[in-house]
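Trainee: The structure that follows is given in the form of structure tokens.
Bear in mind that the values in this text are calculations on the coordinates, not laboratory data. Remember, it's a predicted structure, so these values are computed and weren't measured experimentally. Cβ placement follows ideal geometry from the backbone for every residue including glycine, while neighbour counts extend to all protein chains displayed.
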Amino acid sequence: MIHKLVSSRGGALLGLLALAATGLLVAGSAHADSTPVISSIATQGCANDRVAVTLTVDNPVAGTITLKLTGHTPGSSVFVDTGAELSFTIVPGTTTYTRAFEDVASFIEPDFNTLRVEFKSSDIANLGGTTTKSVSFSPCTSPSDHDLAFTAVPPDITTDATSPAGAPVSYTNPAASDESLSTVTVSCLPASGSMFKIGDTTVTCTATDSDGDTNSGVQTKFNVHVKGAEEQLTDLAGESKGVGPGTSLADKVSSIQSSLGAGDTRDACGTLNAFIHEVKAQTGVHIPSGTAATLITDAQRIEAVIPCTS
């Protein structure tokens with residue numbers, strides 16, 4: 001099974017790159033003097049999980065060399081195929097070739113500590129007796145952890161209730177990424193569009209990936225606060241201050257707050273209704289139309305939250 005490498009953070013992971021050869025598509029004679037022979041191999045380090053391999057080929061003739069990456073765990077000497085392959089197209093007259101195994105950490109076992117590169121086939125007859133070349137290397141001097149991570153989380157949300165049950169709240173799910181480019185799924189509860197009760201609700205979002213990261217899934221949270229009638233009346237009091245003739249509107253809001261605090265919803269609703277009628281009467285006279293529309297909308301929403309019945 002193809003897995004992901006979790007590099008040790010305590011130091012560079014030392015591996016062994018070994019070459020054993022075959023799989024050559026050679027044009028012309030198969031004589032050892034005219035057959036591609038691997039004379040050297042070198043790594044160019046590892047950046048962003050790339051392991052570059054440089055091959056020097058003696059007496060190059062047209063053909064293809066395919067390499068594969070294998071590895072074994074600390075307690076075993078058996079190399080396991082990772083499924084990663086590189087193909088080199090040999091061109092007559094060209095002796096040096098460089099390619100890279102990309103995204104190494106996404107396709108090798110988490111506990112491999114020894115790696116090697118070898119020819120894909122077991123047939124080594126065409127290599128003219130040169131069967132293996134090796135080099136030690138440090139894959140990454142500063143290894144990436146390849147863990148899931150949230151890259152964007154919604155800020156806390158505050159909204160007004162629209163009924164005694166609260167309010168439907170929509171939000172965009174947090175974004176999450178995985179450095180191995182596997183498929184990442186994010187789910188949140190309560191889900192976007194759910195009815196959120198009056199007060200505070202914690203939304204918990206979980207990210208999971210498709211390649212079995214050790215920290216899959218990770219969680220993040222944000223808060224949704226839904227204002228009830230009392231909090232909305234506090235906002236309405238601020239909006240009404242200095243609006244209209246005298247302090248009539250502000251006084252009415254203060255009266256509504258007192259009634260609601262005493263549990264007298266009938267009186268609170270009656271005063272709310274009077275507040276709305278006064279705003280309508282003053283619209284375009286002492287209260288600008290836009291301000292009036294906002295006050296009426298807010299007051300009617302508070303009526304629905306209390307709730308007030310006609």
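Trainee: Mind ranking 88-99, 190-201 by how tightly packed they are, going by the mean number of other C-beta atoms within 10 angstrom, highest first? Could the numbers behind the result be given before it?
Mentor: Values: 88-99: 13.3, 190-201: 15.0.
Top of the packing list down: 190-201, 88-99.
Trainee: Using only C-alpha atoms and all pairs of different ones, pull out the Kirkwood radius for region 229-305 in Å with one decimal.
Mentor: Values: mean 1/r = 0.0827 Å⁻¹.
About 12.1 Å, per the Kirkwood formula over Cα pairs.
Trainee: Can you run the Rg to Rh ratio on region 157-310? Use alpha carbon positions and the Kirkwood inverse-distance Rh. Walk me through the intermediate numbers first.
Mentor: Values: Rg = 21.5 Å, Rh = 18.0 Å.
Expressed as Rg/Rh, it is 1.20.
Trainee: Given Lys197/Lys221; Lys197/Lys280; Lys252/Lys280, which pairs have Cα atoms separated by over 26 Å?
Mentor: Lys197/Lys280
Trainee: Related question: Grab the Cα-Cα distance for Lys280 and Ser192, subtract it from 0.36 nm times how many residues apart they are, and report the gain in nm with one decimal.
Mentor: On the way: separation 88, 0.36 × 88 = 31.68 nm, distance 3.60 nm.
Full extension of this stretch gives 28.1 nm more.
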